[in-house]
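The values are calculated or read from the model by the stated rules, or taken from the named source; none is laboratory data. Note that the coordinates shown come from a computational prediction; the quantities given were computed from them, not determined experimentally. Because the Cβ atoms are built from the backbone with ideal geometry, glycine has one as well, and the counts that use them run over all protein chains shown. Only protein heavy atoms, including side chains, enter the accessible area calculation; ligands, DNA and RNA are left aside. Shrake-Rupley method; radii C 1.70, N 1.55, O 1.52, S 1.80 Å.
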Amino acid sequence: MTDHFQPDARIDLHARSPEAALAQLAYAVESGRYTGRALEVVHGQGSGALREKVRAWGRQSRHVKRVWEGENYFLPGGSGVTIFFL
């Protein structure tokens, strides 16, 4: 049996413009809406533009302690997900 990482919460940013997605993400993280340790951010694969903006935002946020890129940790969803440790 394989153990899978389970985040404490999840936010789905599919079908949003980069500006709307980052605004939703900032509100969710900075408002303390997610009080758990790990937040799964689902941004999809697409062209990669939203993925890179989300990850860059996480790296500069004072609320995000660590960023896991899904493809590097073999997470379900691969490069379409990012985990933020808060």
Q: Hey, could you check segment 7-21 for residues that are among the small types (Gly, Ala, Ser) and at pLDDT below 95 and say which is least open to solvent (accessible area, probe 1.4 Å)?
A: Ala9
**Q.** In segment 75-86, the residues that are farther than 21 Å from Ala20 by Cβ and open to solvent by 40 Å² or more (accessible area, probe 1.4 Å)
**A.** Pro76, Leu86
**Q.** Residues of segment 1-41 satisfying the condition of being touching a Gly at 6+ places or on another chain (Cβ under 8 Å) and in contact (Cβ under 8 Å) with a residue 60 or more places away in the chain
**A.** Pro7
Q: Might you let me know whether segment 22-30 holds any residue that is of a type in the set (Val, Ile, Thr), open to solvent by 80 Å² or more (accessible area, probe 1.4 Å) and at pLDDT below 95?
A: no
Q: State all residues of segment 58-74 that are over 19 Å from Val29 (Cβ atoms) and either open to solvent by 80 Å² or more (accessible area, probe 1.4 Å) or in contact with a strand residue (DSSP E or B) (Cβ under 8 Å, 6 or more places away or on another chain) (or both); if no residue qualifies, say none.
A: Asn72, Tyr73, Phe74
